[in-house]
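Quick notes on the structure that follows.
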Amino acid sequence: MPADHVDALRTAWDEMIERLGRAREALESPQLHAPPDTGPRGLAEGYRYLMGFVHSAVERAFFDDPAFPYFRRSIHVLDKATIDNADAMYLSTPVDGRYSYRITGYVRDSRHWRGEPAATSGPIAPQYVIIEAHTGYAGDSGDLGELQPGARGNTGKLDSSELVVAEDGRFEILLAPERPATHTGNFIATQRTSRSTGTTFPAEYVTVRFLFHDWEREESPELLIRRLDRVGEHPPALDPLTTATALRRIGEIVDNQTRFWNKFYDVVLEAYGDCNGDGVGFMPRNDFNSPAGASLATGGGQSTNVYAGGVYDLAEGEALLIDAEVFEQPAYMGFHLSNLWGESHDYANHVSSLNGTQAQRDDDGHYRYVVAHHDPGVPNWLDTTGLREGFMAMRWTYPQPTDRLPTVTVRMVPFGQLDDHFPASTPRVSPDERREQVRVRQEHVQRRYRQY
């Protein structure tokens, strides 16, 4: 092999290792907005979190090709981040929005997407699905400037409330810069034009979210994507210079992603205290901020979602009693806990999240949840898994804007006094019933993320 190729690969490897070392610094450095001392478990989870970005970066650097796209799991049980939704399967693929693509898919019984009662038995489609084309990949710049208007944005979307599915469960979606004059089926635009400057921005990624409610019956759809002018062709073989570029890209992704989300949680969400001098934190301690629609100013997220969030901080013997009132029925709702790195708790082996099917609504129409370190024996308990501090996130999906947003109130109460704050009709959950809940979760997560 030519010496210059060997040198290029070795140099790129060294540069990747250097960037990974810089990312590691962000696990402990206050100057790089690391969370305050999280103890031995928190630091251990921080190193796992960092390696999750490595896991994702290897696939992105070597296999992201907009000419030959495929849907990869952009968040996984092996690489959680960004205060991920425990009910979601996140998929992503790069695209070049100047070209046309076709998504083909197959879904189990989806009549509930059309407002009809779900099938009474057998596998069914996820509660909600949304496919979005957009510019940029959140966090890749390493700079909060990407949250400014015009830096990133959607070019088009399609969700399960609009998706036309044939009687046999199959569907097609055309993705193109503009809808052809003769096209009448499912369509997503892959270009947007700035109203202020007239500049055209092509989409760079397509993301998909499958949101699950019934963890026993709902199954992921089948999805394939192809660029229409490259069907049947093949990419070029790997060469040393391409590999060197990919190695550098791995280091860049991991370093930038780690630094971006550290700063995002500290500066934008103010998870560790007031940063902008207004006397309050955007993500309050042992409370929730007011529900609001997704926006780039707070990191983006699913465009049809309304979000509310906060940070729990509970000593032994303390619990949070959370009262949520939902006035207009959303297409999806969920409440999730995560650690301060933004990794959702182990939702397969703990009841650390509850969605609109799993949570029980009280007779007065309110959802009352308990966040606590120990099981209080009531239906809507969210398990902290023993972590004193972590993020709390609520999500409600509205395909069309709602006139009346949900409300959330929080009280801290002694764990031993929780029963005093629940309606008399609140049922009890036995240890055996809780184990059955966990069994369902374990089996669902294995199906959702199976490797074969």
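The values are calculated or read from the model by the stated rules, or taken from the named source; none is laboratory data. Here the structure is a predicted model, which means the values were calculated and not measured. Glycine also receives a Cβ, built like all others from the backbone with ideal geometry; neighbour counts cover every protein chain displayed. With ligands, DNA and RNA removed, areas are computed over all heavy atoms of the protein, side chains included. Shrake-Rupley method; radii C 1.70, N 1.55, O 1.52, S 1.80 Å.
Looking only at the range 226-265, count every residue that is charged (D, E, K, R) and either touching a Cys at 6+ places or on another chain (Cβ under 7 Å) or not in a helix (DSSP H, G or I) (or both) and tell me the total.
The qualifying residues number 4.
Determine if the range 395-407 includes at least one residue that is out of contact with any His (no Cβ under 8 Å at 6 or more places or on another chain), assigned to a strand (DSSP E or B) and either without any contact (Cβ under 8 Å) to a residue 24 or more places away in the chain or within 28 Å of residue 446 (Cβ to Cβ) (or both).
Within the range 395-407, one or more residues are out of contact with any His (no Cβ under 8 Å at 6 or more places or on another chain), assigned to a strand (DSSP E or B) and either without any contact (Cβ under 8 Å) to a residue 24 or more places away in the chain or within 28 Å of residue 446 (Cβ to Cβ) (or both).
Answer yes or no: is there a residue in the range 63-77 that is more than 18 Å from residue 262 (Cβ to Cβ), of a type in the set (S, T, N, Q) and open to solvent by less than 10 Å² (accessible area, probe 1.4 Å).
Within the range 63-77, not a single residue is more than 18 Å from residue 262 (Cβ to Cβ), of a type in the set (S, T, N, Q) and open to solvent by less than 10 Å² (accessible area, probe 1.4 Å).
Filter the strands (runs of 3 or more DSSP E) completely within the range 136-225 down to those with at least 1 residues that are open to solvent by less than 60 Å² (accessible area, probe 1.4 Å), at pLDDT 95 or above and basic (Lys, Arg).
Working: elements: 153-159, 170-176, 186-189, 191-193, 200-202, 205-211.
Answer list for the range 136-225: 205-211.
Working only within the range 226-241, note down all residues that are loosely packed, with under 12 Cβ neighbours inside 10 Å and over 15 Å from residue 69 (Cα atoms). Write out each step before concluding.
Within the range 226-241, the first condition is being loosely packed, with under 12 Cβ neighbours inside 10 Å, and the residues that meet it are 229, 231-239.
Those that are loosely packed, with under 12 Cβ neighbours inside 10 Å and over 15 Å from residue 69 (Cα atoms): 237, 238, 239.
Within the set of pairs 6+ apart or on separate chains, which have a first residue in the range 1-24 that is over 22 Å from residue 239 (Cβ atoms), a second that is part of a helix (DSSP H, G or I) and among the polar types (S, T, N, Q), and C-beta atoms under 7 Å apart?
Taking only residues 6 or more apart or on different chains, the pairs are 23/258.
From the list 432, 346, pick out the single residue that is modelled with pLDDT of 95 or more, open to solvent by 40 Å² or more (accessible area, probe 1.4 Å) and in a helix (DSSP H, G or I).
432
Please find, among 271, 189, the residue that is within 24 Å of the chain's Cα centre (by Cα), closer than 27 Å to residue 51 by Cβ and among the small types (Gly, Ala, Ser). Give the steps one after another, and end with the answer.
Numbers: 189 fails: closer than 27 Å to residue 51 by Cβ.
Going through 271, 189 in turn, the sole match is 271.
Out of 44, 86, 23, 34, which single residue is small (Gly, Ala, Ser), part of a loop (DSSP other than H, G, I, E, B), over 30 Å from residue 222 (Cα atoms) and within 23 Å of the chain's Cα centre (by Cα)? Steps first, answer last, please.
Values: 44 fails: part of a loop (DSSP other than H, G, I, E, B); 86 fails: over 30 Å from residue 222 (Cα atoms); 23 fails: part of a loop (DSSP other than H, G, I, E, B).
Result of the check over 44, 86, 23, 34: 34.
Can you name the residue in the range 435-452 that is part of a helix (DSSP H, G or I) and of a type in the set (S, T, N, Q) and is also surrounded by the most Cβ atoms within 10 Å (Cβ to Cβ) among such residues?
Selected residue: 437.
What pairs come out if I take residues in the range 92-108 that are closer than 17 Å to residue 154 by Cβ and pair them with residues that are open to solvent by 40 Å² or more (accessible area, probe 1.4 Å) and among the aliphatic types (A, V, I, L, M) whose C-beta lies under 9 Å away, six or more apart or interchain?
Every condition considered, the pairs that remain are 101/228; 103/224.
Taking into account only those residues within the range 96-108 that are modelled with pLDDT of 95 or more and of a type in the set (D, E, K, R), which is most open to solvent (accessible area, probe 1.4 Å)?
By that ranking, first place goes to 98.
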